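This report concerns only the one structure given below.
Each value in this text was obtained by applying a stated rule to the coordinates, not by laboratory testing. Computed from a predicted structure; not experimentally measured. Counting neighbours? That spans all protein chains shown, and the Cβs are built from the backbone with ideal geometry, glycine included.
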Amino acid sequence: MKTLVIDSSRCIQCCDCQIVCKDEHCDNDWSPITRPQGDSQFWVKIIGEEMSTGTRVKTLWLPLICQHCKKPACKGAVPDAVYQREDGYVIIDPDKAKGRKELVDSCPYGVIYWNAELELPQKCTMCAHLLDNGWEEPRCVTACPTEALRFEEADSLTESSVYAPLEKLNPEYGTEPQVFYQNLPKPFVGGTLVDQKGVTIIGAKILAVHQINGKTYRASTNAFGDFDIRGLAPGYYTIEIDKDGYYPKTIKNLDLNTALNLENITVTRIPSQ
């Protein structure tokens, strides 16, 4: 099976994927796979997640589409109106699904839309009609300028063949999504290290230690005294700060289930002997 690999860190919110999706599906009837896409639908949706506060706010982008799950909740809700192709793609039958608005609420990812004019639930088809006619990729992939979207053979995706770990979106839903992600938005912690006079401190070693699993993340302060540790597993952390000539500093029980801006952190210089 070929599937999408989505690298959130490469998404720049250009929305080219959304534009070509609409070009392909609005006013075009691709029966028996799907009918024309309805108004206000985004079969590829770019979700912006604003993280942290103050001077360290970052907006991270998450392209969201149908996950073409192995155990699709939509098929479980209305079995006669949803089918899974041999290539793994989940399709809502436009004839059998007419009037079945309950399909919209069945998807835990919120990627099924209601076409009021046609009285149809609709979603991404992975451009199955194009793949059936010799296309090598869905339209969204062909349009992505940063390769945030790639179309890969699922069996070829191994730890040694990819540049960043593969993840699944909300695996706790139990639907076994078949779309892969890389670099999903995760919490980060940042701050500025200063001495008692407010002078920034360069080259200090910063450790962020997860208080449950012990995983350690490292950084150092830059020429402006700033540090930024990204990609943290959610949880509570201890921050350890070390710099020659200064007393070590420890900050415990930081809630990093969301991103956190520590602003200025003051460390004390060791008096000269």
On a C-alpha basis, how far is the centre of segment 162-183 from the centre of segment 66-132 in Å? Whole number, if you could?
20 Å
Which ³J(HN,Hα) values in Hz, rounded to whole numbers, follow from the phi angles of segment 167-176 under the Karplus curve 6.51 cos²θ - 1.76 cosθ + 1.60, where θ = phi - 60° and Gly and Pro get x?
10, 10, 7, 6, x, 5, 5, x, 9, 6
Are there trypsin sites (Lys or Arg not before Pro) in segment 12-82 that DSSP puts in a loop and that have at most 14 other Cβ atoms within 10 Å, and which ones?
Lys70
Going 7 Å from the Cα of Phe224 toward and past its Cβ, which residues in segment 52-86 have a backbone nitrogen under 12 Å from where you end up?
55-57
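Please identify the longest segment of the chain free of exposed GluC sites (Glu not before Pro), where exposed means a DSSP state other than H, G, I, E or B and no more than 10 other Cβ atoms within 10 Å. Let's see the in-between values first.
On the way: sites that count: Glu86, Glu117, Glu136, Glu147, Glu159.
The longest uninterrupted stretch comes out as 160-273.
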State, to one decimal in nm, how far the label point of Leu62 lies from the label point of Glu50, with both points 7 Å from Cα in the Cβ direction.
1.7 nm
Average projection area in nm² (convex hull over Cα atoms of segment 40-188, one quarter of hull surface):
11.0 nm²
Karplus couplings for segment 62-79 from phi (6.51 cos²θ - 1.76 cosθ + 1.60, θ = phi - 60°), rounded to Hz, Gly and Pro as x?
10, x, 10, 9, 4, 8, 6, 5, 5, 10, x, 5, 5, 5, x, 6, 9, x
Between Asp195 and Tyr163, how high is the FRET efficiency from 1/(1 + (r/R0)^6) when r is the Cβ-Cβ distance and R₀ = 41 Å? Nearest 0.05.
0.55
Looking at segment 86-229, how many pairs of lysines come closer than 29 Å at the Cα, when each pair is eight or more places apart or spans two chains?
12
The answer for trypsin sites (Lys or Arg not before Pro) in segment 115-173 that fall in a DSSP coil and have at most 13 neighbouring Cβ atoms within 10 Å is none
Every cysteine in the chain with no other Cys Cβ under 4.7 Å from its Cβ, please list them in numeric order.
Cys11, Cys14, Cys15, Cys21, Cys26, Cys69, Cys74, Cys107, Cys127, Cys144
Stretched out fully, how many nm does the piece from Lys98 to Ala233 gain, at 0.36 nm a residue minus the Cα gap?
44.3 nm
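Give the relative contact order (percent, whole number) for segment 43-162; include only Cα pairs under 8 Å separated by 6+ residues.
Dividing the mean separation by the residue count of segment 43-162 yields 17 percent.
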Give the angle, between 0 and 90 degrees and rounded to the nearest 10, that separates the Cα long axis of helix 16-25 from the longest principal axis of the Cα atoms of the chain.
10 degrees
From the Cα gyration tensor of segment 161-273, with a ≥ b ≥ c the square roots of its eigenvalues, which class applies: rounded if a/c is under 1.5, or else prolate if a/b is larger than b/c, or else oblate?
prolate
List the trypsin sites (Lys or Arg not before Pro) within segment 196-273 that DSSP assigns to loop and that have no more than 10 neighbouring Cβ atoms inside 10 Å.
Lys197
Looking at the chain, what % of the alpha carbon pairs are farther apart than 30 Å?
43 percent
Testing the spin-label approximation: label points 7 Å from Cα along Cα→Cβ at Asp155 and Gln84. State their distance in nm.
1.8 nm
